[in-house]
Structure formats: structure tokens, C-alpha cells
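Take a look at the structure set out below.
The values are calculated or read from the model by the stated rules, or taken from the named source; none is laboratory data. Note that the structure is predicted; figures quoted are calculated from it, not measured. Using ideal geometry, Cβ is built from the backbone for each residue, glycine included, and neighbour counts are taken over all protein chains shown. Ligands, DNA and RNA are excluded from the accessible area calculation, which covers all protein heavy atoms including side chains. Shrake-Rupley method; radii C 1.70, N 1.55, O 1.52, S 1.80 Å.
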Amino acid sequence: MDIEIWRFVHGNPHYLVSSHGRVQTVAHTTRGKDGRVLRIPERDKKLSVDVKGYQIVGLTKDGRTFRRYVHHLVLEAFVGLRGKGQECRHLDGDPLNNRLDNLAWGSVSENALDRVRHGTHHQASKTHCKRNHELTPDNLLPRQGRRDCRICARERAMA
């Protein structure tokens, strides 16, 4: 049985984030712009999806609303702050799966290798080069991080 664990969002005690990628408002009181006391109930936050397919949530702090990636909130709460040069990795390749067991901080290179492994890297999904030669294993040059067409390379060498 997978137990859902809740922790405070780093730097904002009015919100909780779960190990399953859910976000909640903590019941609290605050002052409105007109000075009245407002009672904020506990409730689940509505998550949206940005143009790249990642879940985002609007969190308010000091009267301003900030949009945050849910996967960042989960990692910050359960693993720690992001180190220099690190980014979030979705280990199964699904940007909507923000469960703690699917997330990790990693290097840009590790994230790119994940995309190749998942088949979501823009180069890995190419079937033909720009001159329309088929990119089969026999027609690929062995270069790290690139998929170069052997026929095009041979034609360039002859020119």
C-alpha cells in the first residue's frame, strides 16, 4: 500500500504538497486588501497544465501569486533544493506523473538521456534526415548525442 505523505511547500507555510503530487491550501487567516480578516479553508489546489505538458499551480505569498511547477514543489519538499546545474527528471517520461518515486534532480545530460530512453527526444524520434535518407542503424554515424546520416556525410566528403 502506497501511503501519501504531506509536507509544507518550501518557503510557504500556507501550502502542503504530497508525495503523490497533490497540492493543498492549509486553513489559515489573512488580511484582505481592504484590511478585513479573511478565513481561508483547507482545500485541494486546482492544477493546470502548461504548454509543455507540465502541471503548474498558482501559490500566493505576500499578496502576490506565483506559478510553480508541481514537480519542483515535490522535489523541494521531499529531497531538497535544486543544486546548481540540476533540473527535474521525470523517470518514466510522463510530465504529468509528479509522484515522488518518479522524480529526481539530475544534470542536463541525464535528463537528455532520459528523453532518448523514453523516445521523446526530438532527435531520437526522427526517421529521416533533412535530405530524406532513412535513418536506419546501418545509416547512422556513431556520434555521441547526435544522429548523423552516413550517406549525407559521404556526399559532403566527396564534394
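The listed residues are Ala104, Ala112, and the only one of them that is of a type in the set (A, V, I, L, M) and in a helix (DSSP H, G or I) turns out to be Ala112. In region 67-84, is there at least one residue being touching a helix residue (DSSP H, G or I) at 6+ places or on another chain (Cβ under 9 Å), open to solvent by less than 70 Å² (accessible area, probe 1.4 Å), among the β-branched types (Val, Ile, Thr) and closer than 30 Å to Thr30 by Cα? Among the residues of region 67-84, at least one is touching a helix residue (DSSP H, G or I) at 6+ places or on another chain (Cβ under 9 Å), open to solvent by less than 70 Å² (accessible area, probe 1.4 Å), among the β-branched types (Val, Ile, Thr) and closer than 30 Å to Thr30 by Cα, which makes the answer yes. Tell me, please, whether a residue that is assigned to a strand (DSSP E or B), open to solvent by 60 Å² or more (accessible area, probe 1.4 Å) and without any contact (Cβ under 8 Å) to a residue 24 or more places away in the chain can be found in region 45-63. Checked against the condition, which is being assigned to a strand (DSSP E or B), open to solvent by 60 Å² or more (accessible area, probe 1.4 Å) and without any contact (Cβ under 8 Å) to a residue 24 or more places away in the chain, region 45-63 yields no hits at all.
Contact map, region 119-140: residues that are under 13 Å from Ala153 (Cα atoms) and polar (S, T, N, Q) paired with residues that are modelled with pLDDT of 80 or more and open to solvent by 100 Å² or more (accessible area, probe 1.4 Å), Cβ distance under 6 Å, separation 6+ or inter-chain. No pairs are found.
Among the candidates Arg7, Arg99, the residue that is within 27 Å of Gly119 (Cα to Cα), of a type in the set (D, E, K, R), surrounded by 11 or more Cβ atoms within 10 Å (Cβ to Cβ) and modelled with pLDDT of 95 or more is uniquely Arg99.
The selection criterion, being exposed (fewer than 10 other Cβ atoms within 10 Å of the Cβ), free of Cβ contacts under 8 Å to residues at least 40 places away in the same chain and either touching a Phe, Trp or Tyr at 6+ places or on another chain (Cβ under 8 Å) or of a type outside the set (Gly, Ala, Ser) (or both), does not hold for Val26.
With the structure loaded, tell me whether Asp114 is more than 27 Å from His28 (Cβ to Cβ) and open to solvent by 30 Å² or more (accessible area, probe 1.4 Å) or whether it fails that test.
Considered against the rule, which asks whether it is more than 27 Å from His28 (Cβ to Cβ) and open to solvent by 30 Å² or more (accessible area, probe 1.4 Å), Asp114 comes out as no.
Quick one: would you say His71 is of a type outside the set (Asp, Glu), out of contact with any Ser or Thr (no Cβ under 7 Å at 6 or more places or on another chain), in a helix (DSSP H, G or I) and within 20 Å of Val51 (Cα to Cα)? Against the criterion (of a type outside the set (Asp, Glu), out of contact with any Ser or Thr (no Cβ under 7 Å at 6 or more places or on another chain), in a helix (DSSP H, G or I) and within 20 Å of Val51 (Cα to Cα)), His71 qualifies. Picking from residues in region 5-42 that are under 22 Å from the mean Cα position of the chain (by Cα) and part of a loop (DSSP other than H, G, I, E, B), the one that is farthest from Leu59 (Cα to Cα) is Ile5.
For region 132-159, a residue qualifies if it is of a type in the set (D, E, K, R) and at pLDDT below 80, and the qualifying residues are Arg143, Arg146, Arg147, Asp148.
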